[in-house]
Amino acid sequence: MRAVGLRCEHREDTPCIDDPAPRLSWQLESDGADQRQTGYRVVVEHDGHTLWDTGTVDGPASVDVAYAGRPLPPGALCTWRVQVRDQDDRLSDWSDPARFRVGLAAWTACWIRRDRRYDPAVPVPGDGGEVDPDDGMLGQLPPCPYFRRPFELRADVARATLYATARGLLALELNGARVGDAVLSPGWTDYHARIEYATHDVTELLCTGTNVVGAVLGDGWYAGMVGFDARRPGNHYGRELELLCELHLEYADGSLEVVASDGRWEATTGPLRYADLLMGERCDARREPGPWRQVLARARDDIPLVPQRAQPIRVTEELRPVSVERRGPGTHIVDFGQNMVGWARLAVSGERGARVQMRFAEILDPDGSLHVHNLRSARQLDTYVLAGTTEEVFEPRFTFHGFRYVEVTGVDEFELTGRVVHSDTPRTGWFECSDDLVNQLWRNINWSQRGNFISVPTDCPQRDERLGWLADAQVFLPTASLNMDVAAFMTKWGYDILDAQLPNGSFPDVAPRLLAEREGAPAWSDAGVIVPWTMWRRYGDRRLLERHWPAMERYMDFLLRHNPDLLWTVGRGNDYGDWLSVGEQTPREVLATAYWAYGALLMSEIADELGLPDRAEHYRRLRAGICAAFNAAYVGDDAYIEGDTQTVYVLALHMGLLPEKARPRAAERLVESIRRNGGHLTTGFVGVGLLCPTLSEAGHGDVAHELLTKDTFPSWGYSIRHGATTIWERWDGWTEDRGFQTPAMNSFNHYSLGSIGQWLYEYVAGIRAVKPGYEHVLIAPEPGELEWARATYRSVRGAITSAWRQDGDTFSLEVEIPPGVRATVVLPDGETHEIGSGRRRFSTPRDGRGSERELVRARPSAQL
Ligand code: BGC
């Protein structure tokens, strides 16, 4: 047995932490069976000194072991390793080392900005007069500021660390070389509440004698256009881009020198004429940066600076075009074959001053031109003006686009490479089965997750919106957290949610809070409770629950204060209901009250976990009261629920709102609605993720399978049959009868309706957590008519695999369970096995299939 996948605060890379007791976790791997950890030893070192040696600690703990050694020195780069002891008292070798950095305790740097007094008296569009007539308002966007500071090294440097952030986006250079591989750094937070900084080891980039540290900033979320109210200048946070950085030079003799941003730095403008997340970027390669002028410096304010909590945004993959079609002189349409998010790198040569424009779109109009109507006011336009050298390469730095197609104008010879960009969350889930349509659905879900997990979980990557909508994220989180390790990413977004809470206790619709400023809608604001609960169930993260608890309590108080008769009628904000459902409208009050009861259930579970029995009791009583009010107000005879929509039954069943005896009939009504709709679903964002799990739990897994493989409208398969390579925002984003839906809201890359992904892992493959953090799992595949399926989920405790096949008369299953995890295996005929770790095979006659339905009943409690 060995410890692998070492993580500090959910990260396998080298995170920078500011918690005095960061949590250390590892996974276990072994070739043997029935292995478990009976003890561990962790050693944490810094510069050859031991900061913490736990000695051998008895027990199975391997997730979130809190550091309890000597105080962590600010700025330290710590190395840690772990040794584990198995059930036969055998000690493993030491694991490979992992590292974390300790954040800065105090900064000496100032915020610096370009001094606009040096700008021409009358602003010149484009800051240089070379505005293209058709650039319109884009020519009015301000140029990107460049900063630099030369410095001398006085001796040999043992280690150099650069801490940096910006009000805006930041690209750093040291001696002309790019620092780090992050893009769009430092990402998006509510800049009024906190700003994240990045940390880089730059020792290798130093040279003897004079060195130059430099940076260029883009408007980004701070000063650029964000959301559907694309205001300028200064948009939502501020107008002036500012840099803050400190280079810590640790000399070999033990002394420290700090080169910090201050009044000695210089700034100018250069080739980047503007950059905006929604609009695109313009680079004029003819321009050299200059003239350099002294910056304006101001002391640090009291907005907290915190280390980046999640993996940075990176370019994670490159795509080559699948076709390039000439549409006229100097006009081409490039097809990458995949709807993606990022940008295109252009390689080109030509005359000095020649201009290449790239416009980006997700889809084509029937005449073969770009369909850009759904971008609304976003332009997704990158412009490159050639310097006239032999081979030029342009790659934007401060924008991103949602696209499959690029229209390139102004040049006939060029090469484009698609650069895929997202928060670099490691993959944890793999799924494959015998049906290609389903496999394409899984790929589409993953592409939509990648494209929309950019610093925050956003709703779409192409139009003028790209906001952190709470409901979208909470419905998709169970799927997202299986596909990828989003623990650090969502922990960071958790802070955004806390920052976004309104003074009255409600959570809003979006975090960071912007534009949608009032209390959130049911299912949106509820993410303030559901997201932390889901994180705990998936990753076992208890500290996150502690951090969010007071805010969640304030939220629950807000609901109760406004709705003393226990139906959620007041304080529903924008009240979106079951957003983008088709053919059926779920009554909003029913949806709202169901969500409130569900929130109370989750609160009682969390209170139990946190050891708060009085609060647990309070929420249990509250829940019982809301359920009673719900049944009295909305549930009629024979389990009829007001609205009679698929979503009302899904919510009532999943959230355990009905008396036990009414459940089977309610489930039948759900199936009747599907039948009434020709075997189709009608659910929108709120109902869709729960639909198939609810059917399975209620014994109608066959109906869930039918929905999965359906390809007539509306269905997942319909979009795939019509070429979708990502999840569409709407079931009817495009239909044979009507063509495109309204351009006012029609994204082709929106993950919400992809929240069926959870069901693929948890029901088709059958891997479900019984206890938070996968200490105990249930393997209960539901094969339907598929021939085979296999999934692996790399949990916080190690990789879990379920792979099955049904051949002729036999159903066979292979499972792999990591050390320390207990599994209950339930075969389709109901045969049950309790097993420990290792690889095992089971087989059983096929015809017992179906009886499993009664086995895995919904607890009247929360199911992830
Ligand atoms: C967004 C959705 C969001 C919704 C709320 C839309 O514009 O794209 O993701 O949940 O608004 O109404």
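The figures follow:
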item: Positions within segment 316-338 being surrounded by fewer than 19 Cβ atoms within 10 Å (Cβ to Cβ), aliphatic (A, V, I, L, M) and in contact with an Asp or Glu (Cβ under 8 Å, 6 or more places away or on another chain), in sequence order; result: Val322, Val324
item: Selection within segment 697-710 - in contact (Cβ under 8 Å) with a residue 40 or more places away in the chain and part of a loop (DSSP other than H, G, I, E, B); result: Ala698, Gly699, His700
item: Sole exception among (1) touching a residue at least 60 places away in the same chain (Cβ under 8 Å); (2) hydrophobic (A, V, I, L, M, F, W, C); (3) more than 29 Å from Asp526 (Cα to Cα) for Phe713, by number; result: (1)
item: Sole exception among (1) within 13 Å of the chain's Cα centre (by Cα); (2) buried (at least 24 other Cβ atoms within 10 Å of the Cβ); (3) more than 16 Å from the ligand (Cβ to nearest atom) for Leu441, by number; result: (1)
item: Residue check, Asp367 over 24 Å from Arg287 (Cβ atoms) and charged (D, E, K, R); result: yes
item: Subset of segment 480-489 (residues that are assigned to a helix (DSSP H, G or I) and away from the ligand (no atom under 15 Å from the Cβ)); result: Ser481, Leu482, Asn483, Ala487, Ala488, Phe489
item: Test set (1) surrounded by fewer than 24 Cβ atoms within 10 Å (Cβ to Cβ); (2) of a type in the set (A, V, I, L, M, F, W, C); (3) in a helix (DSSP H, G or I) - Cys627 fails condition number; result: (1)
item: Hey, Leu28 within 27 Å of Pro307 (Cβ to Cβ) and crowded, with 19+ Cβ neighbours inside 10 Å or not; result: no
item: Any hit, segment 173-191, residues being under 28 Å from Trp469 (Cα atoms), buried (at least 23 other Cβ atoms within 10 Å of the Cβ) and modelled with pLDDT under 95; result: no
item: Scope segment 720-769; condition under 16 Å from Asn444 (Cβ atoms), without any contact (Cβ under 8 Å) to a residue 60 or more places away in the chain and either buried (at least 24 other Cβ atoms within 10 Å of the Cβ) or touching a His at 6+ places or on another chain (Cβ under 8 Å) (or both); matching residues; result: Trp728, Gly733
item: Residue in segment 398-418 that is within 16 Å of the ligand (Cβ to nearest atom) and at pLDDT 95 or above present; result: yes
item: Qualifying residue in segment 255-264 (condition: without any contact (Cβ under 8 Å) to a residue 24 or more places away in the chain and of a type in the set (A, V, I, L, M, F, W, C)); result: yes
item: Count of residues meeting criterion [touching a residue at least 24 places away in the same chain (Cβ under 8 Å), among the basic types (Lys, Arg) and over 19 Å from Ala527 (Cβ atoms)] in segment 578-634; result: 1
item: Within segment 669-689, tally of residues that are touching a residue at least 24 places away in the same chain (Cβ under 8 Å), away from the ligand (no atom under 16 Å from the Cβ) and either on the phi < 0 side of the Ramachandran plot or not in a loop (DSSP other than H, G, I, E, B) (or both); result: 9
item: Test for Ala592: is it under 30 Å from Gly678 (Cα atoms), in contact with a helix residue (DSSP H, G or I) (Cβ under 6 Å, 6 or more places away or on another chain), within 16 Å of the ligand (Cβ to nearest atom) and hydrophobic (A, V, I, L, M, F, W, C); result: no
item: Asp565 being more than 28 Å from the chain's Cα centre (by Cα), modelled with pLDDT of 95 or more, in a loop (DSSP other than H, G, I, E, B) and more than 15 Å from the ligand (Cβ to nearest atom); result: yes
item: Ala662 out of contact with any Leu (no Cβ under 8 Å at 6 or more places or on another chain), buried (at least 16 other Cβ atoms within 10 Å of the Cβ) and either assigned to a helix (DSSP H, G or I) or among the hydroxyl-bearing types (Ser, Thr, Tyr) (or both); result: yes
item: Selection within segment 444-469 - assigned to a loop (DSSP other than H, G, I, E, B), within 13 Å of the ligand (Cβ to nearest atom) and not aliphatic (A, V, I, L, M); result: Thr458, Asp459, Cys460, Pro461, Gln462, Arg463, Asp464, Glu465, Arg466, Gly468
item: Residues being closer than 20 Å to Ala76 by Cβ and either in contact (Cβ under 8 Å) with a residue 24 or more places away in the chain or assigned to a loop (DSSP other than H, G, I, E, B) (or both) - total across segment 26-51; result: 8
item: Filtered residues of segment 209-221 (kept if assigned to a loop (DSSP other than H, G, I, E, B) and either of a type outside the set (Gly, Ala, Ser) or within 35 Å of the chain's Cα centre (by Cα) (or both)); result: Asp219
item: Yes/no for Pro550 being more than 16 Å from the ligand (Cβ to nearest atom), more than 18 Å from Leu753 (Cα to Cα) and crowded, with 24+ Cβ neighbours inside 10 Å; result: no
item: Matching residues in segment 41-66 - criterion: being touching a strand residue (DSSP E or B) at 6+ places or on another chain (Cβ under 6 Å) and more than 15 Å from Ser92 (Cα to Cα); result: Val44, Glu45, His46, Leu51, Trp52, Asp53, Thr54, Val63, Asp64, Val65, Ala66
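This table checks each residue for (1) among the aliphatic types (A, V, I, L, M); (2) assigned to a loop (DSSP other than H, G, I, E, B); (3) within 9 Å of the ligand (Cβ to nearest atom); (4) in contact (Cβ under 8 Å) with a residue 24 or more places away in the chain.
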position: Ala471; (1), (2), (3), (4): yes, no, yes, yes
position: Gln474; (1), (2), (3), (4): no, no, no, yes
position: Pro478; (1), (2), (3), (4): no, no, no, yes
position: Trp493; (1), (2), (3), (4): no, no, no, yes
position: Leu498; (1), (2), (3), (4): yes, no, no, yes
position: Asn504; (1), (2), (3), (4): no, yes, no, yes
position: Arg513; (1), (2), (3), (4): no, yes, no, yes
position: Gly520; (1), (2), (3), (4): no, yes, no, yes
position: Ser525; (1), (2), (3), (4): no, yes, no, yes
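The values are calculated or read from the model by the stated rules, or taken from the named source; none is laboratory data. As the structure is a computational prediction, the values presented were derived from the model and not from experiment. Every residue, glycine among them, receives a Cβ derived from its backbone with ideal geometry; neighbour counts consider all protein chains shown.
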